[in-house]
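What follows is one structure encoded as structure tokens, with my remarks underneath.
The values are calculated or read from the model by the stated rules, or taken from the named source; none is laboratory data. Source: prediction; values computed, not measured. Here the Cβ is made from the backbone with ideal geometry for all residues, glycine too, and neighbour counts use every protein chain on show. Side chains included, ligands, DNA and RNA excluded: accessible areas come from the protein's heavy atoms. Shrake-Rupley method; radii C 1.70, N 1.55, O 1.52, S 1.80 Å.
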Amino acid sequence: MSPVITPVDERLRRESRELGLCFTCECCVHFDAEGGGCRQRYPNVEHRDVRLERVTELRFCKEFELG
Ligand code: SF4
């Protein structure tokens with residue numbers, strides 16, 4: 001499944017900090033914290049531990065479900 005790709009700018013970084021946005025696998029109900037994988041069996045490397053300060057685009061998983 002292809003991700004939603006969103007450009008990351010200073011506004012998104014600021015809003016994410018202020019609102020405490022969650023969008024990575026670590027916040028998703030489908031994340032296997034012990035093994036580090038996805039229980040839905042999606043490749044999840046690009047959705048794990050994303051730091052908006054370090055990236056210029058966010059690859060958001062369409063199956064993300066707040067856990
Ligand atoms: S469903 Fe998507 S966001 Fe959730 S753990 Fe799997 S890859 Fe990560």
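Residues in the range 42-67 that are more than 8 Å from the ligand (Cβ to nearest atom) and charged (D, E, K, R): Glu46, Asp49, Arg51, Glu53, Arg54, Glu57, Arg59. Of all the residues that make up the range 34-61, how many are open to solvent by 100 Å² or more (accessible area, probe 1.4 Å), closer than 16 Å to Met1 by Cβ and in a loop (DSSP other than H, G, I, E, B)? Adding up the residues that qualify gives 3.
Every residue, every condition in (1) under 11 Å from the mean Cα position of the chain (by Cα); (2) in contact (Cβ under 8 Å) with a residue 24 or more places away in the chain, yes or no:
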{"site": "Pro3", "(1), (2)": "yes, yes"}
{"site": "Arg11", "(1), (2)": "no, no"}
{"site": "His30", "(1), (2)": "no, yes"}
{"site": "Gly36", "(1), (2)": "no, no"}
{"site": "Arg48", "(1), (2)": "yes, yes"}
{"site": "Arg54", "(1), (2)": "no, no"}
{"site": "Leu58", "(1), (2)": "yes, yes"}
{"site": "Glu65", "(1), (2)": "yes, yes"}
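Return yes when Thr24 is under 20 Å from Gly67 (Cβ atoms), of a type in the set (Ser, Thr, Tyr) and either within 13 Å of the ligand (Cβ to nearest atom) or over 10 Å from the mean Cα position of the chain (by Cα) (or both) and no when it is not. Here the answer is yes, as Thr24 does meet what is asked. Being in contact with a strand residue (DSSP E or B) (Cβ under 9 Å, 6 or more places away or on another chain), loosely packed, with under 15 Cβ neighbours inside 10 Å and not in a loop (DSSP other than H, G, I, E, B) is a condition met by at least one residue of the range 10-22.
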